[in-house]
1. Report relative contact order for region 176-273 in percent, whole number only (criteria: Cα-Cα under 8 Å, sequence separation at least 6).
2. What full-extension length gain, to one decimal in nm, is calculated for residue 130 and residue 239 as 0.36 nm per residue of separation minus the Cα-Cα distance?
3. Quick one: Karplus J couplings for region 187-193, per residue in order, coefficients 6.51, -1.76, 1.60, θ = phi - 60°, nearest Hz, x for Gly and Pro?
4. With a cut-off of 14 Å, note down the residues of region 38-64 whose backbone N falls inside the zone around a label point 7 Å from the Cα of residue 122 toward its beta carbon.
5. If you take every residue apart from residue 255 with its C-beta less than 14 Å away from the C-beta of residue 255, what net charge results, scoring Lys and Arg +1 and Asp and Glu -1?
6. Net charge around residue 200, counting only other residues with Cβ within less than 13 Å of its Cβ (Lys, Arg = +1; Asp, Glu = -1)?
7. Separation of region 154-184 and region 186-234 by C-alpha centroid, Å?
8. Provide the FRET efficiency to the nearest 0.05 for the residue 208-residue 153 pair, computing r from the beta carbons and using R0 = 41 Å.
Amino acid sequence: MFCTQCGTKLPGDANFCFRCGAKTVSAVASTDLSANGETIFVHAKCTNCGANLEVDPRQRTASCSYCSAEFLVEQAIHNHNINVAGNMNIEKATISFQGDKKNLLARARAFEESIEWEDALKYYDRVLDIDFEDKEATDGRERCKTKIDWYRQAVEAQENLLWDDALIYYRLIIDMDESCGIKNQLVVQRRDMLQQAMDDYVYFNETIPGFFSNERLEVKKDCVVLITAKGEETVYRFDQMSKVCKGFGGGLTFSYPGHWTSVFIAVTSGKEIAEFIQSVKDGKLPSLREFNIKYNLNYIELIQEMKQ
C-alpha cells in the first residue's frame with residue numbers, strides 16, 4: 001500500500017508511514033469512529049473520472065456516485081491527497097485523465113442538447129480543471145454561456161409579445177448549434193411553434209351582422225379573411241390589394257384582382273384595419289406589443305396569459 005500523505009510505498013501491515021509519520025488507511029480504519037459511533041468519512045478522488053468523493057476508510061472498495069466505476073478506497077484517498085498537496089509523488093496516481101475528459105465532454109454535450117446549459121457548463125468546467133487548454137471544453141463553455149443569455153432574452157421577448165425579437169434569438173441558438181453539430185430539437189420546436197403562432201395570430205376580429213347570416217372578419221399578418229356562418233372562407237391577400245382605405249360608415253374598402261368594383265366590408269374599424277394593412281405593405285409589421293398598445297386592446301391580459 002501507499003502512504004496517503006506522501007505517496008511512499010509501505011508494507012501491507014504498516015500503521016504509520018516511516019517517512020512522514022502519517023497514519024495509514026489501516027490505522028485510520030481502526031480509529032475512525034467518533035464518540036457517538038458514527039463513521040468519519042474522508043476525502044477521496046475517483047480513480048476513473050476524477051470526481052471528488054467522501055469514502056469510508058474501513059472499506060476495501062467502493063463505487064463512484066458520478067460514473068459508477070468501482071475503485072480501491074486506499075487508491076482513491078491517495079489520489080485525493082496527490083491532487084491537494086504539491087509534494088506528492090505524482091506518478092503513483094492512477095487517474096485516467098484522457099478517459100475522464102472523454103466521458104465528461106460527452107456528458108456536457110448531452111446536457112447541451114437538452115437545454116440544460118447550466119449543467120453542461122459544470123461538466124465543461126470539470127474538463128478544464130483537468131486540462132485548462134482543452135479547446136472543446138473552452139468552446140463549449142463559451143457557447144453555453146452565450147446560449148443561456150440568448151434563451152433568457154428570447155423567453156422575455158416572447159412573454160412581452162415581442163415575438164419577432166424572440167424568433168431572432170431562437171434562430172441564433174439554432175444556428176450556433178448547427179455550426180458545431182448539436183441537434184437541439186427543443187429549441188427548434190419552440191421556434192416553429194412561435195412562428196406558427198405569429199402566422200395564425202388574428203390582429204382584428206369582428207362580426208359583420210347580416211340579414212340572413214353573420215360573417216366574421218379576421219385580419220392576420222398578411223391577409224384579410226371573411227368567414228361565413230358555415231365556415232366558408234374568402235381570403236384577400238395584402239400584396240394583391242390596392243387603394244386600401246376607410247369606406248362608408250367606417251367600413252373597409254379596397255380594389256382586388258377579379259373584382260370589377262371595389263370590395264367593401266361593413267366593419268366598424270375600417271380606418272384602423274386600413275392603417276394596419278398599409279403599414280404591412282410598407283414592410284412595417286408592428287410587434288404585438290406595439291399593436292396592442294396602439295389600439296388599446298387587452299395588452300395586459302395577453303401579457304399575463306403568455307407568462308402562464
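We did not get these values from a lab; they are worked out from the coordinates using the rules stated. These numbers come from a predicted model, not from an experiment. Every residue, glycine as well, gets a Cβ built from its backbone with ideal geometry; the counts of neighbours run over all protein chains shown.
1. Reported relative contact order: 15 percent.
2. Working: separation 109, 0.36 × 109 = 39.24 nm, distance 5.98 nm.
Between residue 130 and residue 239, full extension yields 33.3 nm more.
3. 5, 4, 5, 5, 4, 5, 5
4. Within reach of a label on residue 122: 51-53.
5. Values: positive: 237, 243, 281; negative: 239.
Result for the neighbourhood of residue 255: +2.
6. Numbers: positive: 220, 221; negative: 192, 199, 218, 222.
Summing Lys and Arg as +1 and Asp and Glu as -1 gives -2.
7. Here the two parts' Cα centres lie 26 Å apart.
8. Once rounded, the FRET efficiency stands at 0.50.
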